[in-house]
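Taking it in order: structure first as structure tokens, then the write-up.
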Amino acid sequence: MPSLAAGGGEKALVNLLGQLDYGRYEVDLFLLDHGGLFMSLLPPEVRVLPVPVRYERFRRPVLRSVLSSLRAGDAELAASRLLYAARSRIGRTTAVREQYGWRYLSRALAHAVPDRYDAAIGFLEKTSTYFCVDLVRAERKIGWVHIDYDRLGMDPAFDEPYFGKLDHLVTVSEECAAVLKRRFPRYREKVRVIRNIVSPMVVRRMAEAETGDLYGRREGETIIVSVGRLHPQKGFDLAIDACKRLADQGRNVRWFVLGEGDERERLERRIRELGLEGRFALLGVKANPYPYMRQADIYVQPSRFEGKPIAVDEAKMLGLPIVVTDYRAARGQIAHGENGLIAAMEPESIASAIARLMDDRALAERLRRNLALEPLGTEDEARKFEALLEGESEWRAGIGKQAFCSS
């Protein structure tokens, strides 16, 4: 993993590691950055590997990186940093730039992991998988895709040879699996589905940690909450425009977003343009988002595309009426009218779904009741992961290092 900063993939990794039997597995974790919200949640049995000195020099700003590399007599690294900077400016999407920048980044990470493993796991698409394939010595290699591959803007021609070298390619929903099988038909037999692990007991316990009024709730208002990175994928620009439509209808709503990202400036500018400073707020990352979710009236996931968002499952565990947009995997989590509402991917439809929940109290209560009856825990997915390792290999439990999560 690149880091354990806030994010669905990062949270999924920490949750998975929390379910493993460390009497049977030794786990090393390689991260490009040892900071991040979820570092403190790692099980103590997980050994976090050090970052190589060459990479510490490589990741500095270009001029400082080049000069420090030359002073260290490492002309190859200096050249790689310049080429990486140049390549990072070429490509139609951020994802493509990351893919083709790997050639130069990998030179700073050579020999970062000296040991040999029973398994190497690239727990995120792109760099994590390339690291696993190119730089880790292991008997078995597993890649992970947490998103709708077709919507991330990657170049399949770059990934084709990497996926060919994996023993398994794991994704988080049947919808995402179907995309991978269609996009990479040669490797369809490698594709497996392991859902993100979420524990209702843990989510509910953490939701009770804060008992005070977190929103300063006003009489008669409806509190809406969303969780996610401030990234175009998450559709918070659509949420802002939907909030404007609700405000124009005279509805007493305030909408709060928990998350951080590169889109903050653009989203704040849109909030000001629409005069929503008192109605739509970006609260940043919260170490414990669950009290904020529990105290809200409605949860909204306005995404343009997703794999299987953990936040939606968490909102279900807290019994919140939910609105999601019609991204490809939405119907794998929400049955429209039964445990939530699915809106079209545009502001008017999102606003209409929220207004429906506000006006139809019987509908909102029915959704809550149905959620209370729905089996929501996914802790058993860890057993599927272990079966993937042990049932489809010739390993013997308890011998050697049996799991490795790569950058």
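The values are calculated or read from the model by the stated rules, or taken from the named source; none is laboratory data. The structure presented is a predicted model; accordingly, all values stated were derived computationally and were not measured. All Cβ positions, even for glycine, are placed from backbone atoms using ideal geometry, and neighbour counts span all protein chains on display.
Please tell me if GLY278 is surrounded by fewer than 21 Cβ atoms within 10 Å (Cβ to Cβ) and at positive phi.
No: the conditions fail for GLY278.
Restricting region 162-177 to residues that are under 17 Å from ASP118 (Cα atoms) and aliphatic (A, V, I, L, M), which is surrounded by the most Cβ atoms within 10 Å (Cβ to Cβ)?
LEU169
Here are the criteria: (1) more than 25 Å from the chain's Cα centre (by Cα); (2) touching a residue at least 12 places away in the same chain (Cβ under 8 Å); (3) more than 22 Å from ARG60 (Cβ to Cβ). Tell me which single one GLY122 does not satisfy.
Of the numbered conditions (1) more than 25 Å from the chain's Cα centre (by Cα); (2) touching a residue at least 12 places away in the same chain (Cβ under 8 Å); (3) more than 22 Å from ARG60 (Cβ to Cβ), the odd one out for GLY122 is (1).
Need a quick list: helices (runs of 4 or more DSSP H) entirely within region 169-252 having at least 1 residues that are over 30 Å from SER352 (Cβ atoms) and at pLDDT 95 or above.
174-183
Select, from LEU276, LEU283, the only residue that is in contact with a helix residue (DSSP H, G or I) (Cβ under 9 Å, 6 or more places away or on another chain), part of a loop (DSSP other than H, G, I, E, B) and in the same structural domain as SER349 (by TED's automatic domain parsing).
Only one candidate passes the filter, namely LEU276.
If you check every pair at least six apart or on different chains, which have Cβ atoms under 6 Å apart with a residue in region 140-155 that is in contact (Cβ under 8 Å) with a residue 24 or more places away in the chain first and a residue that is among the hydroxyl-bearing types (Ser, Thr, Tyr) and crowded, with 20+ Cβ neighbours inside 10 Å second?
These pairs meet every condition: GLY143/THR129; VAL145/THR171.
What about ILE298, is it farther than 30 Å from ARG205 by Cα, among the β-branched types (Val, Ile, Thr) and in contact with a helix residue (DSSP H, G or I) (Cβ under 9 Å, 6 or more places away or on another chain)?
Taking the combined requirement at face value, the residue does not satisfy it.
Within the set of pairs 6+ apart or on separate chains, which have a first residue in region 238-256 that is of a type in the set (D, E, K, R), a second that is crowded, with 23+ Cβ neighbours inside 10 Å and not in a strand (DSSP E or B), and C-beta atoms under 7 Å apart?
Correct list of pairs: ARG245/ALA351.
Being of a type in the set (D, E, K, R), surrounded by 21 or more Cβ atoms within 10 Å (Cβ to Cβ) and either at positive phi or modelled with pLDDT of 95 or more (or both) narrows it down to one of ASP155, ASP159, ASP148, so name that one.
ASP159
Being part of a helix (DSSP H, G or I), in contact (Cβ under 8 Å) with a residue 60 or more places away in the chain and under 29 Å from LEU169 (Cβ atoms) narrows it down to one residue among SER80, SER128; which is it?
Unique residue meeting the criteria: SER128.
Only helices (runs of 4 or more DSSP H) wholly contained in region 289-388 count here; list those with 1 or more residues that are assigned by TED's automatic domain parsing to the domain that holds ARG229, closer than 16 Å to SER226 by Cα and aliphatic (A, V, I, L, M).
290-294, 310-317, 347-359
Only one of (1) acidic (Asp, Glu); (2) out of contact with any helix residue (DSSP H, G or I) (no Cβ under 9 Å at 6 or more places or on another chain); (3) crowded, with 20+ Cβ neighbours inside 10 Å is not met by GLU139, so which one is it?
Only one criterion is unmet by GLU139, namely (3).
Of all residues in region 194-237 being surrounded by 16 or more Cβ atoms within 10 Å (Cβ to Cβ) and free of Cβ contacts under 8 Å to residues at least 40 places away in the same chain, which is farthest from GLY8 (Cα to Cα)?
That would be ASP237.
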